[in-house]
1. What number of residues within segment 278-308 are acidic (Asp, Glu), in a helix (DSSP H, G or I) and surrounded by fewer than 19 Cβ atoms within 10 Å (Cβ to Cβ)?
2. Return the only residue of GLU50, GLU42, GLU13 being over 30 Å from PRO121 (Cα atoms) and over 17 Å from the mean Cα position of the chain (by Cα).
3. Between residues in segment 294-308 that are free of Cβ contacts under 8 Å to residues at least 40 places away in the same chain and more than 11 Å from VAL273 (Cβ to Cβ) and residues that are open to solvent by 50 Å² or more (accessible area, probe 1.4 Å) and in a helix (DSSP H, G or I), which pairs lie under 7 Å by C-beta distance while being six or more apart or on different chains?
4. Looking only at segment 101-108, decide whether some residue is touching a His at 6+ places or on another chain (Cβ under 9 Å), modelled with pLDDT of 95 or more and farther than 14 Å from ALA184 by Cα.
5. Can you name the helices (runs of 4 or more DSSP H) wholly within segment 165-277 that have at least 2 residues being open to solvent by 10 Å² or more (accessible area, probe 1.4 Å), at pLDDT 95 or above and under 19 Å from ALA294 (Cβ atoms)?
6. Can you confirm whether VAL136 is open to solvent by 50 Å² or more (accessible area, probe 1.4 Å), modelled with pLDDT of 95 or more and of a type in the set (Val, Ile, Thr)?
Amino acid sequence: MAQKILPGAHLLEMFMPYRSHETKMIGVLEKAADLGFYKNMELGIFFDRENRRTVRNILEANGLNATTFSTPWVKDDHLSLADLDEGRRRKAVDLCKKLADLAAETGYSNFGVPSGDDPGPVFRGLAKLALKDSMVEIAEHLKQYGMNLTIEPLDRYVFKKQLIGPMEETAVWFKEVKEAAPNAYIHWDSAHEALGGIDLMESLELAAPYMGQFHLCDAITDSREACFGDLHMDVARAPEWTTEGFLTPEVGAEILRKAASFDKPEGMPQVYVAVEVLGHPGDDLWLKEQNVRAFLTRCFELAGLELA
């Protein structure tokens, strides 16, 4: 294999009810770290200084990498990095830079941004240029901290309807981003690609030179079904490992094998994979985590890859 893939945990998504409860999220991080299974933690932004110090200490004590995403906060403020209104685009960039400062203080290595809504075919080209400018500026800001910038292509025409979607087009656009911002990477996601209709292996090949990390995420891709879309649904569970979506352990294993066959993207120390499922109020969130861990373990086993 050309590179080793290591397991991560998307704690922000699994424990979404605690997003704004920083003390509870720190407790989640501590417990997840104690499991000794995950090597990368995907977490939210911590706005309290003491909490940032605590998270950093936990990460360092356990030798863990960490990723965060600006997406929830950018969306909360109804902003877009691809906005054609320069004043509003500037607000989005400035917000991401402020969040990046907090992320650096927390000890994170990767900082994710959203592309924003697709404005339609007439303005799409201009919006992609605006997004490129935003990403290059944010990536330059991150360099002082030794951090990487990531963007997750979503679907454009089916469910999320975001600007950066089809991987055939994204790979061409991102080549120019990468040339201007060497610390920028693609965060690949199986659900978005499946909903977009592209063959998953083809999508991985297109993203490979830029893929800094990736998600295994299930989805129901038949638009006639009630639960169609990118809903971050629960994973298949033992012993049957069945799902109403597409992501069986066998499909997950195929994705892992393919990702492991690529050379490591230039400048990225380590590529991590996490399973993305959404926690809701009232869920047994640690049972959800247990199921995620079992599913990821099964995928690694079927792929013939070591977990550590």
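1. 1
2. Being over 30 Å from PRO121 (Cα atoms) and over 17 Å from the mean Cα position of the chain (by Cα) holds for just one of GLU50, GLU42, GLU13, which is GLU50.
3. none
4. Scanning segment 101-108 turns up at least one residue that is touching a His at 6+ places or on another chain (Cβ under 9 Å), modelled with pLDDT of 95 or more and farther than 14 Å from ALA184 by Cα.
5. Passing ranges, in order: 249-261.
6. Numbers: open to solvent by 50 Å² or more (accessible area, probe 1.4 Å): no; modelled with pLDDT of 95 or more: yes; of a type in the set (Val, Ile, Thr): yes.
No; evaluated as a whole, the condition is false for this residue.
The values are calculated or read from the model by the stated rules, or taken from the named source; none is laboratory data. Just so it is clear, the model here is predicted, and its values are computed rather than measured. Neighbour counts are summed over all protein chains in view; Cβ atoms, including those assigned to glycine, are modelled from backbone coordinates with ideal geometry. Note: accessible area is taken over every heavy atom of the protein model, side chains too, but ligands, DNA and RNA are not part of it. Shrake-Rupley method; radii C 1.70, N 1.55, O 1.52, S 1.80 Å.
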